[in-house]
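Visitor: Next up is a structure, given as structure tokens.
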Amino acid sequence: MKICVLVKQVPDAAVAKRIDPSTSRLDRSGETNLNPFDTHAIEAAMQLKEGGAIAVEEVVAVTMGPENAVRALHKAVSLGADRSVHLCDDGLVGSDVAATGYALAKVLEREKPDLVLLGQQSDDGECYTIGAVVADHLQMPSLTQVIKIDVEDGNLRCERQAEYGYDTVSVQIPAVISVGDAINEPRYPSLKAIMGAKKKPLDALGSADAGIDAAMVGADGSRVSCGDFKSPPAKGSGTIIEDEDTNETVEKIVAWLDERKLI
Amino acid sequence: MNFDLSDDHRLIQKTVREFALGEISPIAEQLDREKQFPYEIIAKLGELGLMGIPFPAEYGGGGGDTLAYVLAVEELTRIDSSVAITLCAHTSLGTQPIYLFGNQEQKQRWLPDLCSGRKLGAFGLTEPEAGSDAGNVRTRARLLDEGEWAIDGAKQFITNAGTDISGLVAITAVTGEDPGAKNAKEISNIVIENGTPGYEQGEPYRKMGWHASDTRPLTFTDCRVPQENLLGQRGQGFKQFLQILDIGRIGVAAMGVGLAQGALDEALSYAKERKAFGKSISKFQLIQAKLADLSTEIEAARLLTYKAALLKDTGRSFTLTAAQAKLKTGRLAVRAAEEAVQIHGGYGYIEEYPVCRFYRDAKILTIGEGTDEVQQMVIAQALGA
């Protein structure tokens, strides 16, 4: 079986997110990192490969992103992926979720994976939807927010995080599964793996290589049009209720909540 | 000039940062309080290949360079000095002599266990009357007719020699007379494995800081080791340890940078949170001046330290720069920790806050691996003064 893991380069969690006033978009110029949720997807792939319940021949990390997104791929292979694919093309800049999902699906069509794994959300856009879009294009079942994967008679028995408790779902492969961060504890890459990452094969593809229809990607091929993004307004100072008499304090809090129809 | 780290170096830096935050930070205070040696952390660092960063893969090392080592040490010290010094003393001082001066057989025999972190290496140079004046060594090794060294003497302030996983110590010892030497002593380096009869590790010192690291006095009483445990040529010990200390200084400089940065991290985050007179204390100019000065000095000290690493990695002389980096960073670490405590006010004097531990851990950085005064001597000599 072959597993493709979709990964994304995102601004590092330690960098305060801000809107670039000149473009009204998220400022991505600072320190970057592999999307933390995707490290859980790679770990899930590695656990399937090392678990032995199903033979996994290859784990391939796939990303779409600018030139420096290659760093995310290096981290992905240092975490265990056997090779990586980098879809990079000026024509892809400005793609929305649907266009990105389409482009990634075209790359996956070439790879013909038995299983596609990805983090359930990205640390920057937090759309939660790429997995479903990719699955639709590939005509594969889609499972989201998965926190446990077991191999059972050649199928995958998964637990999905639901609002109350878990859904247990059995899915036939090939399938697209997005995972939550409760699924595992990702390993740290070893020094040897980091130093060896650049020696693992990396395919750099342009849109044409992947058979991507240029009209369906990029800003023009996207149906979402973005208005002006602005930073959220600074929080007000709030209301401080001094606790002199606890009964009175409780009454004040209840009244405050009641006024706003919160209770 | 290129100030950008390579992709590999960035990933090493980031990985050690995440490791330090995820694995060490949650237990650093407890390890320090209970003076527990961090066995589990060292085992994990070993699995990640971080206990032998600058040594070749053929001996089980990480195959990294000095800069990679510096980045790792810096990121560890940013969170905890005890773990960092354990790795640092093991790598620069314990393993280095065997890698640099050992013959093929010695390297094959000792390096794989050391580089993997299964065993710890120690370096036994300092004696009650021979610290920076290491030529004044009193420990003696007599070569017996049966082809064994018989060692008698004492070492002190030795890191990593008395843990459950301590494997060996490389010591300097007087092996004969050398009329050509300044004090007529022939000095050699000899490896002594833990468990050798006559080699005893004393009780751990009650230190000001570095509480979770292992530091003890050692004694050798008619301790017999095979003749083959001699490292390199007999009589080369003085030159050898000077070379080891030069390299060690780069590691300790990285600790200074890391500790100062860790102190600034804590001070900045506290200053933004803590309110006084109706606003965050980070908005007061007197606090801002402290934070700004520290940040500036840390960046300067970091560049000096990275330069020392780069000089070594490109095969150039680094003695002067390493001494400068060690001098600059040790003093900076002490000042940064003090300012961080000051910014924390009374809370900085309470052990729950990491800056309290940083303050205790910092002072040794102006002493260990050559005092500030010795660095000044080395620097002045290099200037031709």
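The values are calculated or read from the model by the stated rules, or taken from the named source; none is laboratory data. Keep in mind that this is a model prediction, so the values were computed, not measured. Using ideal geometry, Cβ is built from the backbone for each residue, glycine included, and neighbour counts are taken over all protein chains shown. Accessible surface areas use protein heavy atoms only, side chains included; no ligands, DNA or RNA. Shrake-Rupley method; radii C 1.70, N 1.55, O 1.52, S 1.80 Å.
Visitor: Between the helical axis of B:319-344 and the dominant principal axis of chain B, each derived from Cα atoms, what acute angle in degrees is found, rounded to the nearest 10?
Guide: Between helix and principal axis, roughly 40 degrees.
Visitor: Within the protein assembly as shown, what percent of beta bridges assigned by DSSP are antiparallel, to the nearest 5? Don't jump to the answer; show the numbers that get you there.
Guide: Values: 47 of 79 bridges.
If we restrict to bridges inside the protein assembly as shown, about 60 percent are antiparallel.
Visitor: Computed FRET efficiency, Cβ-Cβ of residue A:124 and residue B:380, R0 45 Å: what is it to the nearest 0.05? The partial results should precede the final answer.
Guide: On the way: r = 52 Å, r/R0 = 1.17.
Rounded to the nearest 0.05, the efficiency is 0.30.
Visitor: If I build a Gaussian network model for chain A, linking alpha-carbon pairs within less than 10 angstrom, which residue out of A:194, A:253, A:149 has the largest mean-square fluctuation?
Guide: A:253
Visitor: What is the distance, in nm, between label points placed 7 Å from the Cα along the Cα-to-Cβ direction at residue A:12 and at residue A:241?
Guide: Once both label points are built, they end up 4.3 nm from each other.
Visitor: Sticking with this one: Enter the Cα centre distance for the pair region B:279-357 and region B:33-102, rounded to the nearest angstrom.
Guide: For region B:279-357 versus region B:33-102, the Cα centre distance is 22 Å.
Visitor: Related question: With a 10 Å cut-off between alpha carbons and a GNM built on chain A, which of A:131, A:211, A:52 moves the most?
Guide: Fluctuation is largest for A:52.
Visitor: To the nearest whole number, what is the average tally of beta carbon atoms from other chains within 10 Å of the beta carbons of peptide B:48-54? It would help to have the intermediate numbers written out before the result.
Guide: Values: counts 8, 7, 3, 1, 1, 1, 0.
Per-residue shielding by partner chains comes out at 3.
Visitor: Solvent-accessible area of residue A:110, probe 1.4 Å, all protein chains present, reported in Å² to the nearest ten, please.
Guide: 120 Å²
Visitor: Per-residue accessible area for residue B:335 at 1.4 Å probe radius, Å² rounded to 10?
Guide: For residue B:335, the solvent-accessible surface is approximately 80 Å².
Visitor: Would you calculate a helix-derived [θ] at 222 nm for chain A, using -39,500 (n - 2.57) for each DSSP H run of n ≥ 4 and dividing by the full residue count, to the nearest 500? Spell out each step's value before the answer.
Guide: Working: 6 runs with 69 residues, N = 263.
Value at 222 nm, helices only: -8000 deg cm²/dmol.
Visitor: Restricting to DSSP loop positions (anything but H, G, I, E, B) with no more than 12 other Cβ atoms inside 10 Å of their own Cβ, which GluC sites (Glu not before Pro) remain in region A:146-199? Before the final figure, lay out each step's value.
Guide: On the way: sites: A:152, A:159, A:163; in loops: A:163.
Qualifying residues, ordered by number: A:163.
Visitor: Okay, moving on. In the neighborhood of residue A:137, defined by Cβ-to-Cβ distances under 10 Å, what is the net charge if each Lys or Arg adds +1 and each Asp or Glu adds -1?
Guide: Values: positive: A:106; negative: A:109, A:136.
That works out to -1.
Visitor: Take every DSSP beta bridge whose two residues both sit in region B:121-237, then give the antiparallel share in percent to the nearest 5.
Guide: Here the antiparallel bridges make up roughly 85 percent for region B:121-237.
Visitor: If you place +1 on the Cβ of every Lys and Arg, -1 on the Cβ of every Asp and Glu, and leave all else neutral, what size is the dipole of chain B about its Cα centre, to the nearest 20 Debye? Present the calculation step by step, with values, prior to reporting the outcome.
Guide: On the way: 41 positive and 50 negative charges, 214 e Å.
Result for chain B is approximately 1020 debye, rounded to the nearest 20.
Visitor: Which one of A:156, A:104, A:191 has the biggest mean-square fluctuation once chain A is modelled by GNM with Cα springs under 10 Å?
Guide: The residue that fluctuates most here is A:191.
Visitor: Within a Cβ distance under 14 Å of residue B:274, other residues only, what is the Lys/Arg minus Asp/Glu net charge? Spell out each step's value before the answer.
Guide: Details: positive: B:272, B:275, B:279, B:283, B:290; negative: B:266, B:273.
The answer is +3.
Visitor: Using a 10 angstrom Cβ neighbour count of at most 14 plus a DSSP loop assignment to flag exposed GluC sites (Glu not before Pro), which longest range of chain B is free of such sites? Write out the running numbers ahead of the final one.
Guide: Working: sites that count: B:129, B:146, B:351, B:352.
That would be B:147-350.
Visitor: Also: Around residue B:221, what is the net charge, scoring Lys/Arg as +1 and Asp/Glu as -1 over all other residues with Cβ under 11 Å from its Cβ? Please list the in-between numbers first.
Guide: Working: positive: B:224; negative: B:152, B:200, B:222.
That works out to -2.
Visitor: If each residue of separation counts as 0.36 nm, what is the full-extension length gain between residue B:200 and residue B:184 once their alpha-carbon separation is subtracted? Present the calculation step by step, with values, prior to reporting the outcome.
Guide: Details: separation 16, 0.36 × 16 = 5.76 nm, distance 2.84 nm.
That pair, residue B:200 and residue B:184, stretches by 2.9 nm at full extension.
Visitor: Please find the FRET efficiency linking residue A:226 to residue A:136, where r is the Cβ-Cβ separation and R0 is fixed at 30 Å, and quote it to the nearest 0.05.
Guide: Working: r = 23 Å, r/R0 = 0.75.
E(calc), rounded to 0.05, equals 0.85.
Visitor: At a threshold of 8 angstrom on Cα-Cα distance, excluding pairs fewer than six apart, so keeping six or more, what relative contact order does chain B reach in percent? Write out the running numbers ahead of the final one.
Guide: Values: 752 pairs, mean separation 62.3, N = 385.
About 16 percent, as a whole number.
Visitor: Could you work out how far helix B:372-383 tilts from the main Cα principal axis of chain B, as a 0 to 90 degree angle to the nearest 10?
Guide: Approximately 80 degrees, to the nearest 10.
Visitor: Give me the accessible area per residue for the protein assembly as shown, probe 1.4 Å, as a whole number in Å².
Guide: Here the per-residue accessible area is 47 Å².
Visitor: Report, in deg cm²/dmol and to the nearest 500, the calculated mean residue ellipticity at 222 nm for chain B, where each DSSP H run with n ≥ 4 adds -39500 (n - 2.57) and the sum is divided by the residue count. Don't skip to the answer; put the middle values down first.
Guide: Details: 12 runs with 185 residues, N = 385.
Computed ellipticity for chain B at 222 nm equals -16000 deg cm²/dmol.
Visitor: Now for a separate question. Put B:328, B:182, A:2 in order of accessible area, largest first, 1.4 Å probe: what do you get?
Guide: B:182, B:328, A:2
Visitor: Accessible area of residue B:7, 1.4 Å probe, to the nearest 10 Å²?
Guide: So the heavy atoms of residue B:7 present about 40 Å² to solvent.
Visitor: Go through B:199, B:39 and list them by solvent-accessible area, largest first, probe radius 1.4 Å.
Guide: From most accessible down to least: B:39, B:199.
Visitor: Dipole of the protein assembly as shown, Cα-centred, from +1 at each Lys and Arg C-beta and -1 at each Asp and Glu C-beta, to the nearest 20 debye? Don't skip to the answer; put the middle values down first.
Guide: Numbers: 68 positive and 92 negative charges, 339 e Å.
Computed charge dipole of the protein assembly as shown: roughly 1620 debye.
Visitor: Cα centroid distance between region B:1-25 and region A:1-58, in Å?
Guide: If you average the Cα positions of each part, the centres end up 17 Å apart.
Visitor: So if we plug the beta-carbon distance of residue A:164 and residue B:5 into 1/(1 + (r/R0)^6) with R0 = 45 Å, what FRET efficiency do we get, rounded to 0.05?
Guide: 0.45
Visitor: Just report the Cα centroid separation between region A:235-263 and region A:136-153, whole Å.
Guide: A separation of 46 Å, based on Cα centres.
Visitor: Loop-only GluC sites (Glu not before Pro) in region A:1-91, please: DSSP not H, G, I, E or B, and at most 12 other Cβ atoms within 10 Å. It would help to have the intermediate numbers written out before the result.
Guide: Details: sites: A:31, A:43, A:50, A:57, A:58, A:67; in loops: A:31, A:57.
Here the sparse-neighbourhood loop sites are A:31, A:57.
Visitor: For region A:113-188, state which chymotrypsin sites (Phe, Trp or Tyr not before Pro) are in a DSSP loop and have at most 11 other beta carbons lying within 10 Å of their beta carbon. Please report the intermediate quantities before stating the final value.
Guide: Working: sites: A:128, A:164, A:166; in loops: A:128, A:164.
Filter output for region A:113-188: A:164.
Visitor: Then there is this: To the nearest 10 degrees, how steeply does helix B:104-115 sit against the main Cα axis of chain B, on a 0 to 90 scale?
Guide: For B:104-115 against chain B, the angle is about 30 degrees.
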